[in-house]
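In what follows, a single structure is set out as structure tokens and then discussed.
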Amino acid sequence: MPYTADPKFADFIQRLPKTETHLHIEGACPFSLLQKLDPVKYASPPPFWADDFRYESFNQFMDMYVEYCAEFYNSAKRYQEAAEIVLKKCVDQGCRYVETSFHLPALLYMEDKGPDVIEAIRSAAPESLELRIFAGMCHNDYVDAGKELIEDSLTWEGLDGIDLHGWEDIPVEPWTADVWERARKAGKFAKAHAGEFMGSDFVELILDQLKVTRIQHGVRSTENQATVQRLIDDNIALDVCPISNVKLAVNGIPSMDKHPIRQLFDQGVTVTINSDDPFFFGNSLSEEYYALNQDLNFTQAELVQIAMNGFKVALISEDQRAAYLKEVSGYSEAEGVPR
Ligand code: ADE
Ligand code: ZN
């Protein structure tokens, strides 16, 4: 890291139609906007962009989130300014479909309302991009005004889905399964983070309790073959973020060449690759593809398969899905020269 590629391979990845289905808008905060706000504080690049930087813990990562980004995201306008840069960068990298989440309780400290923030993010999307917007919440956010906010969010027309994120080791409270079920009934897609800082048992707990069909991360599922088999049998997709996992020093992933996405992919789990929080990892979607090629020997044909998985899990009509899949597979035949 940062990953670079020879021009032919970089061009192949650039033109490959791709998706990004695991992207926190706050964690993608454009550095240029922070610098504009406080040129002195942000005079030099943040330490976590260094190649060999590793977070000591998820707590340290969350502290950085607060230190760098919490202040910035204080209005719908700020979300719009950030989203304009973030989503343009996605399109510039050949991304056709993006799912981004915003931290729902951030609204508790803002005058603007949820639908304003959603509209602000949506208005920033380039026309060529299919965008889906998710509200993210932590395991212990269903309390006081947070409870009202979560309930309210299920009625917001512009909201496409909800996501559970934050500290995985805080117990999953009983409200969660009920909210996830009611979200689905309200037409929202419901996903959840699991198997990043907790093991395969937690992945199973989330599947049992929240009945999700997509897990954010899920990489620690490989600690138990029965869990991997369940993902395959029940067609559960994992939205994986390889560079994030390495920089956050996820258990069992000391370096990219040890990343379990190779095993998951080989066994037939539907995996996608994503950048998670690009501001905090100094990564890009293209680099995720380079990393798999360079450190895990994914061939071009296999990377095409990963890109196709993104369109397989995307929240689009079946006609759109068929069109995207046809385009990507055609691309594979025309350009895919396995290494
Ligand atoms: N929120 C933002 N990034 C996250 C991550 N990697 N894991 C859990 N919650 C998050
Ligand atoms: Zn995440």
(request) Give the number of residues within the stretch 98-145 that are open to solvent by less than 50 Å² (accessible area, probe 1.4 Å), more than 15 Å from ligand 2 (Cβ to nearest atom), of a type in the set (Gly, Ala, Ser) and not in a helix (DSSP H, G or I). (result) 2
(message) Out of LEU33, LEU23, I need the residue that is in contact (Cβ under 8 Å) with a residue 40 or more places away in the chain and within 16 Å of ligand 1 (Cβ to nearest atom). Which one?
(response) LEU23
(message) All but one of (1) at pLDDT 95 or above; (2) surrounded by 15 or more Cβ atoms within 10 Å (Cβ to Cβ) hold for TYR331; state the number of the condition that does not hold.
(response) (1)
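Restricting to the stretch 231-267, give me the number of residues that are in a strand (DSSP E or B) and open to solvent by 10 Å² or more (accessible area, probe 1.4 Å).
Here is the first cut: in the stretch 231-267, the ones in a strand (DSSP E or B) are 237-240.
Subsequent filtering for residues that are open to solvent by 10 Å² or more (accessible area, probe 1.4 Å) retains none.
Result for the stretch 231-267: 0.
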(request) Consider TYR3 carefully, then state whether it is away from ligand 1 (no atom under 16 Å from the Cβ), in contact (Cβ under 8 Å) with a residue 24 or more places away in the chain, out of contact with any strand residue (DSSP E or B) (no Cβ under 6 Å at 6 or more places or on another chain) and of a type in the set (Phe, Trp, Tyr). (result) yes
(request) Return only the number of the condition from (1) within 29 Å of ALA190 (Cβ to Cβ); (2) in contact with a Leu (Cβ under 6 Å, 6 or more places away or on another chain); (3) surrounded by fewer than 24 Cβ atoms within 10 Å (Cβ to Cβ) that SER275 does not satisfy. (result) (3)
(request) Answer yes if at least one residue in the stretch 76-96 is out of contact with any Pro (no Cβ under 7 Å at 6 or more places or on another chain), surrounded by fewer than 16 Cβ atoms within 10 Å (Cβ to Cβ), among the polar types (S, T, N, Q) and touching a residue at least 12 places away in the same chain (Cβ under 8 Å), and no otherwise. (result) no
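Could you tell me whether any residue of the stretch 146-163 is of a type in the set (A, V, I, L, M) and within 16 Å of ligand 2 (Cβ to nearest atom)?
Our first condition is that a residue be of a type in the set (A, V, I, L, M); within the stretch 146-163, this holds for 149-150, 154, 159, 162.
This time we only want the ones that are within 16 Å of ligand 2 (Cβ to nearest atom), so: 162.
Yes, there is a match, as at least one residue in the stretch 146-163 is of a type in the set (A, V, I, L, M) and within 16 Å of ligand 2 (Cβ to nearest atom).
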(request) Considering only the stretch 48-67, state which residues are part of a helix (DSSP H, G or I) and either open to solvent by 70 Å² or more (accessible area, probe 1.4 Å) or touching a His at 6+ places or on another chain (Cβ under 7 Å) (or both). (result) TRP49, ASN59, ASP63, VAL66, GLU67
(message) Suppose we keep only residues that are over 26 Å from PHE197 (Cβ atoms) and among the basic types (Lys, Arg) within the stretch 42-82. Which one would you say is nearest to ligand 2 (Cβ to nearest atom)?
(response) ARG78
(message) If I go through the stretch 23-59 residue by residue, how many of them are under 22 Å from the mean Cα position of the chain (by Cα) and within 25 Å of MET110 (Cα to Cα)?
(response) 13
(message) Condition check: in contact with a Cys (Cβ under 8 Å, 6 or more places away or on another chain) and part of a loop (DSSP other than H, G, I, E, B). Does TYR73 satisfy that?
(response) yes
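For (1) within 16 Å of ligand 2 (Cβ to nearest atom); (2) closer than 17 Å to GLU151 by Cβ; (3) at pLDDT below 95; (4) not aliphatic (A, V, I, L, M), each residue gets a yes or a no:
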{"residue": "ILE170", "(1), (2), (3), (4)": "yes, no, no, no"}
{"residue": "PRO174", "(1), (2), (3), (4)": "no, yes, no, yes"}
{"residue": "GLU181", "(1), (2), (3), (4)": "no, yes, no, yes"}
{"residue": "ASN224", "(1), (2), (3), (4)": "no, no, no, yes"}
(message) I'd like the full set of residues that are among the hydroxyl-bearing types (Ser, Thr, Tyr), open to solvent by less than 50 Å² (accessible area, probe 1.4 Å) and under 14 Å from GLU130 (Cβ atoms), limited to the stretch 278-328.
(response) TYR324
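Could you grab me the full set of residues in the stretch 213-230 that are assigned to a helix (DSSP H, G or I) and touching a strand residue (DSSP E or B) at 6+ places or on another chain (Cβ under 8 Å)?
Result: VAL219, SER221.
Table: residues versus (1) surrounded by 13 or more Cβ atoms within 10 Å (Cβ to Cβ); (2) within 16 Å of ligand 1 (Cβ to nearest atom); (3) free of Cβ contacts under 8 Å to residues at least 60 places away in the same chain; (4) outside any helix (DSSP H, G or I).
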| site | (1), (2), (3), (4) |
| --- | --- |
| LYS147 | yes, no, yes, no |
| GLU157 | no, no, yes, yes |
| PRO171 | no, yes, yes, yes |
| VAL179 | yes, no, yes, no |
| ARG184 | yes, no, yes, no |
| GLY187 | no, no, yes, yes |
| ALA192 | yes, yes, yes, yes |
| PHE197 | yes, yes, no, yes |
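The values are calculated or read from the model by the stated rules, or taken from the named source; none is laboratory data. Keep in mind the model is a prediction, meaning the values are calculated, not measured. Backbone-built Cβ (ideal geometry, glycine too); neighbour counts: all protein chains shown. Remember, those area values only see protein heavy atoms, side chains included, never the ligands or the DNA or RNA. Shrake-Rupley method; radii C 1.70, N 1.55, O 1.52, S 1.80 Å.
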